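**Student:** Following this message is one structure expressed as structure tokens.
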Amino acid sequence: MDNRAEVRQFLSTRRGRITPEQAGLETYGGRRRVSGLRREEVARLAGVSVDYYTRLERGNLTGVSDSVLDAIARALELDRAEHDHLYDLARAANRSGRKRAAAPVPSRVRPELQYLLDTVTGAPAFIGNNRMDIVAANTLGYALYSDMYRGPARPANHSRFIFLDPRAHNFYTDWERAANTNVAILRREAGRNPHDKGIAELIGELSMRSDEFRTRWAAHDVRRHYAGTKLFQHAVVGLLELNYQVLGLEEDPGHSLTIYPATPGSPSEEALKLLASWAATENIVERALAGVR
């Protein structure tokens, strides 16, 4: 990805969504040529010169201090995920002159991590990488995402499933939300890793094949995704309402562990027990790993 273009488009889209009234600025009539704030208005709110802010919005974040980044974030009313994204873009800009590409994130995990997954028996659990691949899972994890494993491609990929597989519209009870969230997470990962070939190829593929993805990608939205509740409509056991927790794996950069426990005593807890029985009967792990439909 082009870091300068990413910075330019991110800042301009954030500026375009804020009106002077929202920012507490007085206007003096006359026709405005922009729907949101002008560059000079952002500069005034951030306490920097117009020339300096213009340099930033043209994509040059090299050498920008944390205090200036914080001031820009306040002026643009960035939420926590957007603030983090701005910092990620600045770090990437400062690395860009080093010429050394980051090592690719592996598509497999250490055996010890699979042992960890296998100790989780009451909830779906999986390890994903920054390209939205599922690189390892426990039995319930493979069973939960069994529709994702009906295709032959391995590793299974959340983004490709959501945007390229019609089954995803049934699996996610709120497909729009799932699609928006997926793109926002991928956008944040791309900002952190602008030279990751795998991420770039995934974005290119989805942009070519999916209008839904392309529209969302152009919005430049980002989000944090660490805890909450999700609803799934599983083809075998029906509706599942599951909590989720996402934990970064410090010793395995680019990877995270996601666990989906059900609320104790809930219908979803019972449904997970049925799902585990079905997974054992259907040899779901072997089928998923072998690419059997």
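**Student:** Quick one: what pairs do we get from the range 180-206, first residue part of a helix (DSSP H, G or I), second hydroxyl-bearing (S, T, Y), C-beta under 7 Å, 6+ apart or different chains?
**Tutor:** N182/S159; L186/S159; L202/S159; L206/S159
**Student:** Quick one: how many residues across the range 20-37 are of a type outside the set (A, V, I, L, M), closer than 23 Å to D84 by Cα and assigned to a loop (DSSP other than H, G, I, E, B)?
**Tutor:** Here the count works out to 1.
**Student:** Looking at (1) acidic (D, E); (2) farther than 20 Å from G151 by Cβ; (3) surrounded by 13 or more Cβ atoms within 10 Å (Cβ to Cβ), which is the only condition E282 fails?
**Tutor:** (2)
**Student:** Here are A5, A23: which of them is over 18 Å from L89 (Cα atoms) and either at pLDDT 90 or above or assigned by TED's automatic domain parsing to the domain that holds L69 (or both)?
**Tutor:** A23
Listed here are the residues, each with its yes/no results for (1) modelled with pLDDT of 95 or more; (2) among the small types (G, A, S); (3) not in a helix (DSSP H, G or I).
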{"site": "Y244", "(1), (2), (3)": "yes, no, yes"}
{"site": "E251", "(1), (2), (3)": "no, no, yes"}
{"site": "S268", "(1), (2), (3)": "yes, yes, no"}
{"site": "L274", "(1), (2), (3)": "yes, no, no"}
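**Student:** Which one is surrounded by the most Cβ atoms within 10 Å (Cβ to Cβ), of the residues in the range 246-279 that are in contact (Cβ under 8 Å) with a residue 60 or more places away in the chain and β-branched (V, I, T)?
**Tutor:** I259
**Student:** Mind checking whether some residue in the range 52-60 is part of a loop (DSSP other than H, G, I, E, B) and under 19 Å from A81 (Cβ atoms)?
**Tutor:** No; the residues of the range 52-60 include none that is part of a loop (DSSP other than H, G, I, E, B) and under 19 Å from A81 (Cβ atoms).
The values are calculated or read from the model by the stated rules, or taken from the named source; none is laboratory data. In this text, all values refer to a predicted model and were calculated from it rather than measured experimentally. Don't worry about glycine lacking a Cβ; one is built from the backbone with ideal geometry, like all the others, and counts go over all protein chains shown.
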